[in-house]
Amino acid sequence: MKTSIATVSVSGNLPEKLEAIAAAGFDGIEIFEQDFIAHDGDPREVGDLIRSMGLEITLFQPFRDFEGLPDPLRAKAFDRAERKFDLMQELGTDLLLVCSSCHPDALGGIDRAAADFHELAERAARRGLRVGFEALAWGRHVNDHRDAWEIVRRAEHENVGLILDSFHTLARRIDPDSIRRIPGDRIFFVQLADAPLIEMDLLYWSRHFRNMPGEGDLAVRQFMRAVVATGYSGPISLEIFNDQFRGGRPKTIAKDGHRSLVALMDDVRREEPAAVLDFPPMPQRAVVENVAFVEFATRGDEADALENLLQTLGFKRSGRHIAKQLSLWRQGDIRIVVNRETTGYASSAYTMHGTTVCDIGLAVGDAAATVARATSLGAQPFSQPIGPGELDIPAIRGLSGSVVHFIDEASGLSKVWSVEFEGADTPHDGAGLKRIDHLAQTMSYDEMLSWSLFYTTLFEMRKSPMVDVVDPDGLVRSQAIEAPDGALRITLNGAETHRTMAGNFLADSFGASVQHIALASDDIFATSGALAACGFEPMPMSNNYYADLAARFDLPPALLERLRAGNILYDEDANGAFYQLYSRPYAGGMFFEIVQRTGGYGGYGAPNAPFRIAAQKRLMRPKGMPRR
Ligand SMILES: O=C(O)c1ccc(O)c(O)c1
Ligand SMILES: [Mg+2]
């Protein structure tokens, strides 16, 4: 099965689009006519350029407002088609996409349309070309793939077939399983797009909000399962109209597209075992067991400040690396590595971002298989020279240059602490922090889809709905990506302006990275007391916040007073309660959060976020100081 993508999906001029598409690993492209017209170059040369990059032209599109017209418009439509057939022959492609008519004079009538397609197919056949019919969701008379199929069937010509596009079917809530009734050899082409569920005009939704399969909310997988069940074996092509992608980096968009397609086909293979798919197999999504470690790259005074903060959080240094300037800090099941190396990867991360989380270690069932899946999805394996006595721990590059290591029991990699570190790796209770609850990564809003696709295609993780967080100086979008049992929880925070707390951090750290780490306690009040004894200074919350808590919830006065006294934030959902306590920001806006979940509370305290951010900004911008 060939992978393909429409040129309209990627930003840039035609050569830039082609280069990005070829580099991402696609087999072919759909030429979107506008991209060709905007290019100044002979069609034969364009065709040769495309083939020289190892790409095939799988389709030329769109041909609009063809079927059901009265003469003389009908005759003109056929003349127009002949010109496009000339162009297709020069480019070197044999398939034309005809999308259903939106013409105000189109007459309708299934048999009239079928007769038009019979004649068009006859003309195409004379040149060895084929035509495919696609129902646009907003087509005047034809806006359902089942009607398009009836027209193709009645056209009775082997040079006309059906073109399916997941957006048009799913946006109209047409049951994708109706595709299972169509013979696979009569489907000439399949286009895929996802989209976020937003109530709006279908045309506007389609032209501005489509995204890659898995990035939106449509049942693209169910659609594709139905397609492969028909026996269809032609190209699978992404056709994504998206305002954000039009302004994005061509290479990133194309790579994300390829990743989404490969992951989708892997899911389809597993869920539709009877279908024959010539797609290379890959290991299934990795189940993350826990966050094995978080590593900071840091230096000098900043490193001292970080270690000091870790001590006030109840951590103890429990090991030093046998050869490198790494120290291991422990509490409960949490491991934090402080890396002060001046060469190697962590050192470059420090140079780039300042003190930063440069590496995340995840415990998985099979580390090598996880890297194999990641590589199939287009991720880059990561390695650096290994010193004597050190273990070769499989790793990949995450996004924005970060590194993710995979640790497993089977290969002995979980023993890395006793092998590579001197000193006892013994757990201790400290202030009662047990495990990492979540990691919060900050990025520009444009990068959020890439990151959520990265996590959801590689790991067994789900995304929860996007929430808006109000910062006094702008809006931040936040989305959680979670493993089913909470073994790994990541919140993605997308900043649009550098004046927000998140945007400021992003600008200061030159790129996306972890802005805060949330550590879980099973008794936040005991932890709060223990932290005070360690010299921890919580971020102060306002009286207004606690007055509002009293109004929002039915909290006993004594509990409310304990919350206020400890600067602890509170939230509830249908399942349980959530307690939060924040450190003061350090090193360019990073911070720690301490949380307790009771009764299966599933969120992240989003209602509290605006007040937490305002409190942090008060600390960072003392009273009376104008903002930068
Ligand atoms: O928005 C459109 O007009 C349009 C054109 C061609 C397509 O294949 C499509 O899905 C939409
Ligand atoms: Mg389409």
Notebook entry, point to check: Could you give the length gained on full extension between R477 and R180, defined as 0.36 nm per residue of separation minus the Cα-Cα distance, in nm?
Noted result: 103.0 nm
Check: Using the alpha-carbon atoms, what tilt in degrees (0 to 90, nearest 10) does helix 43-52 show relative to the longest principal axis of the chain?
Finding: 50
Notebook entry, point to check: Given Cα pairs under 8 Å that are at least 6 residues apart, what percent is the relative contact order of the range 3-271?
Noted result: 20
Next item on the list: Determine the gain in length on full extension of the stretch S411-A115; use 0.36 nm per residue of separation and subtract their C-alpha separation, reporting nm with one decimal.
Entry: 100.0 nm
Next item on the list: Pull up the DSSP beta bridges for the range 428-570 and report the antiparallel fraction as a percent, rounded to 5.
Entry: 80
Next item on the list: Based on the mean of other Cβ atoms within 10 Å per residue, sort peptides 603-615, 212-224 so the most packed one is first.
Entry: 212-224, 603-615
Note to self: Output wanted: per-residue J couplings in Hz (rounded whole) for the range 64-73, from phi through Karplus 6.51 cos²θ - 1.76 cosθ + 1.60, θ = phi - 60°, x for Gly and Pro.
What the structure shows: 9, 6, 9, 7, x, 8, x, 5, x, 4
Notebook entry, point to check: Where does each of E156, E295, E307 land when they are ranked from fewest to most other beta-carbon atoms within 10 angstrom?
Noted result: E156, E307, E295
Item checked: Computed over the chain: relative contact order in percent, which uses C-alpha pairs under 8 Å that are six or more apart -> 9
Margin query: Antiparallel versus total DSSP beta bridges in the range 288-422: what percent is that, nearest 5?
Written below: 75
Check: Which residues does a label at R64 reach in the range 210-249, if reach means a backbone N under 17 Å from a point 7 Å past the Cα toward the Cβ?
Finding: 240-242
Checklist line | Residues of the range 86-115 with amide N under 20 Å of the 7 Å Cα→Cβ point at S233 | finding: 94-95
Check: Label points 7 Å out from Cα along the Cβ direction at D304 and D429: separation in nm?
Finding: 3.3
Checklist line | Under-5 Å amide H pairs with C102, H placed in peptide plane, nonlocal only | finding: D65, R140
Item checked: Spin-label pair R246/I198, simplified geometry with 7 Å Cα→Cβ offset, distance in nm -> 1.3
Notebook entry, point to check: Tell me, what ³J(HN,Hα) does each residue in the range 597-610 have, in order and in whole Hz, if you take phi through Karplus 6.51 cos²θ - 1.76 cosθ + 1.60 with θ = phi - 60° and put x for Gly and Pro?
Noted result: 9, 10, x, x, 3, x, x, 9, x, 3, x, 7, 4, x
Check: Considering only DSSP beta bridges with both partners in the chain, what is the antiparallel share in %, to the nearest 5?
Finding: 55
Notebook entry, point to check: Taking only DSSP H segments of four or more residues, each worth -39500 (n - 2.57), what value at 222 nm results for the chain once the sum is divided by all its residues, to the nearest 500 deg cm²/dmol?
Noted result: -10500 deg cm²/dmol
Notebook entry, point to check: Taking amide H positions as placed 1.01 Å from N in the peptide plane, with prolines and chain starts having none, which residues 5 or more places from R335, or on another chain, fall under 5 Å of its amide H?
Noted result: V294
Check: Tell me, what ³J(HN,Hα) does each residue in the range 542-551 have, in order and in whole Hz, if you take phi through Karplus 6.51 cos²θ - 1.76 cosθ + 1.60 with θ = phi - 60° and put x for Gly and Pro?
Finding: 7, 4, 4, 4, 6, 4, 5, 4, 4, 6
Check: Against the longest principal axis of the chain, how steep is helix 557-566, in degrees 0 to 90 to the nearest 10, with axes from Cα atoms?
Finding: 90
Note to self: On a full-extension model of 0.36 nm per residue, what is the gain between H208 and E45, subtracting their alpha-carbon distance, rounded to one decimal in nm?
What the structure shows: 55.6 nm
Next item on the list: For D485 paired with L619, estimate the spin-label separation in nm (one decimal), with each label point 7 Å from Cα along the Cα-to-Cβ line.
Entry: 3.4
Check: Using r as the Cβ-Cβ distance of T598 and S542, and R0 as 30 Å, what FRET efficiency do you calculate, to the nearest 0.05?
Finding: 0.75
Notebook entry, point to check: R0 = 45 Å: FRET efficiency of R173 with E422, Cβ-based, nearest 0.05?
Noted result: 0.15
Notebook entry, point to check: In the chain, if every C-alpha pair distance is counted and binned at 20 Å from zero, what percent goes to each bin?
Noted result: 18, 44, 27, 10, 0
Next item on the list: Working from Cα positions, state the angle (0 to 90°, nearest 10) between the long axis of helix 300-312 and the longest principal axis of the chain.
Entry: 70
Check: Between their Cα atoms, which of K434/K463; K255/K415; K17/K463; K251/K463; K2/K463 are more than 32 Å away from each other?
Finding: K255/K415
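Since every read-out is calculated from the coordinates, none of them should be taken as a lab result. Note that this is a predicted model, so its numbers are computed, not measured. Heads up, the Cβs are rebuilt from the backbone with ideal geometry, glycines too, and the neighbour counts pull from every protein chain shown.
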